[in-house]
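Any read-out appearing in this document is the output of simple, stated calculations on the displayed coordinates, not a laboratory observation. Quantities reported herein were computed from a predicted structural model and do not represent experimental measurements. Neighbour counts run over all protein chains shown; Cβ positions are idealised from the backbone, glycine included.
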Amino acid sequence: MQQSSSPKSPAFNPRSVDARHLHQLFERVDDVVVARLLVDRFESDLDLCKAFPGAHLRALETVKRSHIRYAKARRYGVLARTCGGIAIDLVGTVVSAALRIGRATSAHVRAVRRRAAYVKSVRNEAKVICLPDARRSASNDAEPRIRRVA
């Protein structure tokens, strides 16, 4: 373990803490949140802006690029939403047309089958010999009824 050369412990210096913190912020100026914090601080303190013009410009550039990315993403989102709506409408139209074609085809097939069945039944009826209808008597009984005289 090494001991410090000075007998006293180092004193707390607020300026050095602020300078270290400011230096850490300057290192992370490409982060949008940090850049916005720096821009706000530079706009409120013009002396700081004059002391670090490069960091100020870099922070402004980061914020501007963030706005550009956001606008581009928004345009792509609107485009995707529009294309998605058109695609969904197109798919719906194609599906409904396919269903209509399917219904029409099945109706046509049923009609053809009915027609074929009718033609077949007509052919079969031509082969059958029809006998004249036998008329039955008024009563349904096979034996005549006997009347009782009282």
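So the values come out like this:
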quantity: Arg28 paired with Ala87, simple spin-label distance in nm, labels 7 Å along Cα-to-beta-carbon; calculated: 3.8 nm
quantity: The range 16-126: relative contact order as a whole-number percent, Cα under 8 Å and 6+ apart; calculated: 19 percent
quantity: FRET efficiency, 1/(1 + (r/R0)^6) with R0 35 Å, evaluated for Arg103 and Ala71 via beta carbons; calculated: 0.15
